[in-house]
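Participant: Pasting a structure below so you can have a look.
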Amino acid sequence: MALQIIVGAQWGDEGKGRMVDWLASQSDYVARFNGGDNAGHTVTIGSQIYKLHLLPSGIIHPNTIGMLGNGMVINPKSLLEEMDLLRAAGVTITSERLRISHAAHLITPAHQALDKAMEAARGKDNLGTTGRGIGPAYTDKASRSGLRVGDMLAPNFIDRLRSHIEKANHSLGLYGAPTLEIAPLLTVFESQCKILTPYIRDVSAELHQALASGKIVLAEGAQGTLLDIDHGSYPFVTSSATTAPGVLTGLGLGLDAAQNARVIGVAKAFQTRVGSGPFPSELSGELAGRLRGTGSNPWDEFGTTTGRPRRVGWLDGVLLRYAARINGLTELVMTKLDILSGFESLRICTAYRIGDMTLAELPFGQADLGSVEPVYIELPGWQADLGNIRRWDDLPVQAQGYLRTVTRLGGVPVRYASVGPEREQIVEVPALER
Ligand code: IMP
């Protein structure tokens, strides 16, 4: 069995793309198992930078086959746009190279309109969703009224689509939001479905077969552990399973596929979050500005999908330990270590305080997480620019110390640290004591 899993260990945007890029070059299949076009993965092809939202980013490697699993929600319009974007960049996208699970759910313009109307209705208590229709599409899935990719093949599909939009119009009316004109939507959707028909497959069966014959399957997580519908900071989460166990249900694999799986958690050297919700180690002011950047570089802390400035803070060791446990991480990759250069001293949150209680684990209930006070340890900073460093021995001792502390606090070994946005700006970390 050769299943490799990459998941975000924080609130998304951890820089999973670069690890995917690296491992995809040695993989036969690259698969997305959760979410939809709410994700934003930055991919570099030659000198060009592309923002992918739906396709597995490993598909840019010519020897991979891309899979969109049943755990996903797929907006056909976004998917076709992305397929065209990659074709224009010289990537071959044919039904030989891309498969879409018949059991994935569809996102329609009605889901997007509902997402926006529901957010507006929440007012100041909004969740800060990406507005892509993710929540309403998964709601329809759970309430067993959703439209699946395989339904596009049925002769009554357009009738079902019409009644779905009629129903959504009714709800939009209740929210006081504008309703959708049905006929043009049906025409556009029908033509999009026709183009996608050849890509519809039994992804579960094909991946099972692939693993049985010794192929390497790379599962690309979208978002991060703390946005998981069950294990994240509910209700400020997305609507899917973003964690490693979600790979099995989201691709239709059995527990046997998980045996000896490599489970790589990606975490930034500090903490970020887009949208609303608790963030115990959040910073503001000048320190926050230094971590966030100005937005002039593509790797500064501004959302790939929405362009919103990300909230930033010190690394949270409690959340990291939690992510290691929930995912069963076998290793950790720490990204953006270079951004910490130039600080006199650095902090990592190691516990939470509520009243006179100190907690080493997450309190349950997100309301509790909102009211905790972080307990920090202080570590010496370093001044050197890390961008040109490629060997562990060349890292400043303080940076080595930082990674040792992360390994100890997270209980999982840091195997690599990135020191810049380019492919080769990565340092292999020797086995550190946990
Ligand atoms: P939704 O997934 O659009 O419903 O948004 C729910 C929450 O998840 C919001 O706080 C979003 O900002 C956050 N979110 C969704 N996708 C991503 C992502 O790819 N990176 C970071 N945050 C995300």
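Participant: All but one of (1) part of a strand (DSSP E or B); (2) within 15 Å of the ligand (Cβ to nearest atom) hold for Ala219, so report the exception by its number.
Facilitator: For Ala219, the exception is condition (2).
Participant: Right, something else. Scanning for something within 17 Å of the chain's Cα centre (by Cα), within 16 Å of the ligand (Cβ to nearest atom) and of a type in the set (Ser, Thr, Tyr), does the stretch 248-255 turn up at least one residue?
Facilitator: No, the stretch 248-255 contains no residue that is within 17 Å of the chain's Cα centre (by Cα), within 16 Å of the ligand (Cβ to nearest atom) and of a type in the set (Ser, Thr, Tyr).
Results for (1) over 17 Å from His231 (Cβ atoms); (2) under 26 Å from the mean Cα position of the chain (by Cα); (3) assigned to a loop (DSSP other than H, G, I, E, B), shown as yes or no for each residue.
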site: Tyr322; (1), (2), (3): no, yes, no
site: Arg325; (1), (2), (3): no, yes, no
site: Arg353; (1), (2), (3): yes, no, no
site: Glu361; (1), (2), (3): no, yes, yes
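Participant: Pull up the stretch 85-108, narrow it to residues that are in contact with a Lys or Arg (Cβ under 8 Å, 6 or more places away or on another chain) and outside any loop (DSSP other than H, G, I, E, B), then point me to the one that is nearest to Leu174 (Cα to Cα).
Facilitator: Leu106
Participant: Here are Leu362, Leu379, Leu337: which of them is modelled with pLDDT under 95, crowded, with 17+ Cβ neighbours inside 10 Å and at negative phi?
Facilitator: Checking each option against the conditions leaves just Leu362.
Participant: A further question follows. Say we look at the stretch 271-309 and pick out the residues that are within 15 Å of the ligand (Cβ to nearest atom) and crowded, with 21+ Cβ neighbours inside 10 Å; which of these is modelled with the lowest pLDDT?
Facilitator: That would be Glu301.
Participant: Check Pro198, Pro184 and return the single one that is without any contact (Cβ under 8 Å) to a residue 60 or more places away in the chain, surrounded by fewer than 22 Cβ atoms within 10 Å (Cβ to Cβ), assigned to a helix (DSSP H, G or I) and more than 16 Å from the ligand (Cβ to nearest atom).
Facilitator: Pro184
Participant: Please indicate, with yes or no, whether at least one residue in the stretch 260-270 is more than 30 Å from Leu379 (Cα to Cα), away from the ligand (no atom under 16 Å from the Cβ), of a type in the set (Lys, Arg) and in contact with an Asp or Glu (Cβ under 9 Å, 6 or more places away or on another chain).
Facilitator: Yes, some residue in the stretch 260-270 is more than 30 Å from Leu379 (Cα to Cα), away from the ligand (no atom under 16 Å from the Cβ), of a type in the set (Lys, Arg) and in contact with an Asp or Glu (Cβ under 9 Å, 6 or more places away or on another chain).
Participant: Restricting attention to the stretch 215-238, and to residues there that are over 18 Å from Pro278 (Cβ atoms) and crowded, with 24+ Cβ neighbours inside 10 Å, which single residue is farthest from the chain's Cα centre (by Cα)?
Facilitator: Among them, the one singled out is Val217.
Participant: I would also like to ask the following. Please pick out the residue among Leu332, Leu337 that is assigned by TED's automatic domain parsing to the domain that holds Leu403, within 17 Å of the chain's Cα centre (by Cα) and away from the ligand (no atom under 16 Å from the Cβ).
Facilitator: It is Leu332.
Participant: Can Gln398 be described as touching a strand residue (DSSP E or B) at 6+ places or on another chain (Cβ under 9 Å) and over 17 Å from Phe279 (Cα atoms)?
Facilitator: Criteria met by Gln398.
Participant: So Thr64 fits all but one of (1) free of Cβ contacts under 8 Å to residues at least 40 places away in the same chain; (2) farther than 17 Å from Gln223 by Cβ; what number is the exception?
Facilitator: Condition not satisfied by Thr64: (1).
Participant: Further question on the same structure: Out of Gly46, Gly35, Gly8, which single residue is within 11 Å of the ligand (Cβ to nearest atom) and farther than 22 Å from Leu196 by Cα?
Facilitator: Gly8
Participant: If you don't mind, there's one more thing I want to ask. Say whether the condition of being under 30 Å from Arg310 (Cα atoms), over 25 Å from the mean Cα position of the chain (by Cα) and modelled with pLDDT of 95 or more is met by at least one residue in the stretch 101-122.
Facilitator: Within the stretch 101-122, one or more residues are under 30 Å from Arg310 (Cα atoms), over 25 Å from the mean Cα position of the chain (by Cα) and modelled with pLDDT of 95 or more.
The values are calculated or read from the model by the stated rules, or taken from the named source; none is laboratory data. Keep in mind that this is a model prediction, so the values were computed, not measured. Cβ sites come from the backbone with ideal geometry, for glycine too, and all protein chains shown count toward neighbours.
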